[in-house]
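What follows is one structure encoded as structure tokens, with my remarks underneath.
The values are calculated or read from the model by the stated rules, or taken from the named source; none is laboratory data. Since the structure is predicted, the reported quantities are computational estimates derived from the model, not experimental observations. Note that each Cβ is placed from the backbone with ideal geometry, even for glycine, and that neighbours are counted across all protein chains shown.
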Amino acid sequence: MKIVKSCLIIMLIWIISASVAFAAPPMRIVSLSPATTEILYDLGLENRIAAVTSFCDYPQRAKNKPKVGGFANPSLEAIIAAKPDLVIMMEGDNPLEAFNKIKRMGIKTHVFHAKRLKELPQGIRELGGVLGIQDRANRRAAEIEALFSSYAKKAQQAAARRGYRKVVFVIQAVPLVVAGPGTIIDDALQILGLQNIAADSHVQYPKYSIEEVVRRSPDVIFFGQGSMSKKVPKTLIRRLDSLEAVKKGHVYYTSEMLYRLTPKTILGMEEIVTHLNKI
């Protein structure tokens with residue numbers, strides 16, 4: 001019970017002190033998460049980004065920004081050298097310890113609290129308020145919400161035509177790892193009205209045997225192309241050839257667009273819908 005209370009207190013401290021108000025919009029921002037870096041670029045704030053982590057690799061231009069180390073253990077010296085008026089962190093990506101160290105140095109912070117895909121628009125709205133671009137952020141959030149609805153309708157129409165709703169999203173072929181609950185991929189599949197065969201797992205990325213995939217019998221198989229070459233899935237597909245999804249050619253490769261909680265996820269959802277319409 002004491003442990004639970006302590007965790008709740010820590011979370012309250014994180015949430016209450018995670019954001020600040022500015023008399024003028026912050027112009028030198030250090031982003032400590034690949035996801036928040038992508039969001040800043042998406043909102044047209046490239047010129048305000050003073051530094052990013054070594055893992056901030058999208059868009060390509062982000063790789064040219066000064067680096068402050070990893071998102072789990074950023075260099076405080078590098079952050080100070082960037083002379084930020086705001087450090088943006090992401091709950092779940094950056095540890096509370098790093099947050100506290102930055103706060104103790106007197107540097108203002110904002111924590112992006114969205115964890116699930118449906119929370120992304122609200123997270124963008126809140127970030128817009130901190131950065132002094134509320135109208136722009138509101139428009140972008142509304143666009144994302146509209147696309148959620150649009151793609152969900154298209155996916156359900158495509159699935160209804162053929163009666164295909166059960167899907168599996170393969171993250172890694174050897175060993176066989178699939179996307180489970182609590183992942184951005186599963187969030188996207190839920191929004192699209194599709195049934196993830198791994199949704200009942202107790203972990204985010206469960207390991208499955210060939211027999212388990214066959215037993216669950218997905219109608220469609222998606223391979224996350226970002227983490228593997230096409231040669232490896234071909235071997236796996238041959239081992240799954242008893243599935244109707246394989247016999248009918250309902251096997252598709254996707255990009256890495258569904259791997260991070262950013263507006264880019266919309267492109268990943270569009271890919272899924274495009275593939276469903278091929279069936």
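State all residues of region 169-187 that are within 12 Å of F223 (Cα to Cα), outside any loop (DSSP other than H, G, I, E, B) and in contact (Cβ under 8 Å) with a residue 40 or more places away in the chain; if no residue qualifies, say none.
Initially, region 169-187 is screened for residues within 12 Å of F223 (Cα to Cα), giving 169-173, 176-179, 185.
Remaining after also requiring outside any loop (DSSP other than H, G, I, E, B): 169-172, 177-178, 185.
Those that are within 12 Å of F223 (Cα to Cα), outside any loop (DSSP other than H, G, I, E, B) and in contact (Cβ under 8 Å) with a residue 40 or more places away in the chain: F169, V170, I171, Q172, I185.
Inspect region 235-254 for any residue being within 18 Å of the chain's Cα centre (by Cα), within 30 Å of G44 (Cβ to Cβ), not assigned by TED's automatic domain parsing to the domain that holds Y41 and not aromatic (F, W, Y) and give the result as yes or no.
Scanning region 235-254, I find at least one residue that is within 18 Å of the chain's Cα centre (by Cα), within 30 Å of G44 (Cβ to Cβ), not assigned by TED's automatic domain parsing to the domain that holds Y41 and not aromatic (F, W, Y), so the answer is yes.
Any residue that is within 30 Å of A146 (Cα to Cα) and surrounded by fewer than 16 Cβ atoms within 10 Å (Cβ to Cβ) - is there at least one of those in region 80-98?
The answer is yes; a qualifying residue exists.
Tally time: how many residues in region 172-185 are surrounded by 21 or more Cβ atoms within 10 Å (Cβ to Cβ), closer than 19 Å to E211 by Cβ and of a type in the set (V, I, T)?
Counting residues in region 172-185 that are surrounded by 21 or more Cβ atoms within 10 Å (Cβ to Cβ), closer than 19 Å to E211 by Cβ and of a type in the set (V, I, T) gives 1.
Identify, from the list Y205, Y164, the residue that is assigned to a loop (DSSP other than H, G, I, E, B), among the aromatic types (F, W, Y) and at pLDDT 95 or above.
Testing whether each residue is assigned to a loop (DSSP other than H, G, I, E, B), among the aromatic types (F, W, Y) and at pLDDT 95 or above leaves just Y205.
Quick one: in region 71-125, of everything that is under 16 Å from the mean Cα position of the chain (by Cα) and among the basic types (K, R), which residue is nearest to A23 (Cα to Cα)?
Out of the qualifying residues, it is K115.
Would you point out the residue of region 120-171, among those that are of a type in the set (A, V, I, L, M) and closer than 15 Å to E270 by Cβ, that is surrounded by the fewest Cβ atoms within 10 Å (Cβ to Cβ)?
Taking the candidates together, the pick is A146.
Do we have A198 as crowded, with 22+ Cβ neighbours inside 10 Å, not assigned by TED's automatic domain parsing to the domain that holds M90 and not in a loop (DSSP other than H, G, I, E, B) here?
no
Would region 242-256 turn up any residue that is within 24 Å of L120 (Cβ to Cβ), acidic (D, E), crowded, with 21+ Cβ neighbours inside 10 Å and touching a residue at least 12 places away in the same chain (Cβ under 8 Å)?
Among the residues of region 242-256, not one is within 24 Å of L120 (Cβ to Cβ), acidic (D, E), crowded, with 21+ Cβ neighbours inside 10 Å and touching a residue at least 12 places away in the same chain (Cβ under 8 Å), which makes the answer no.
Does G226 meet the test of being within 30 Å of Y41 (Cα to Cα) and either modelled with pLDDT under 95 or in a strand (DSSP E or B) (or both)?
Yes.
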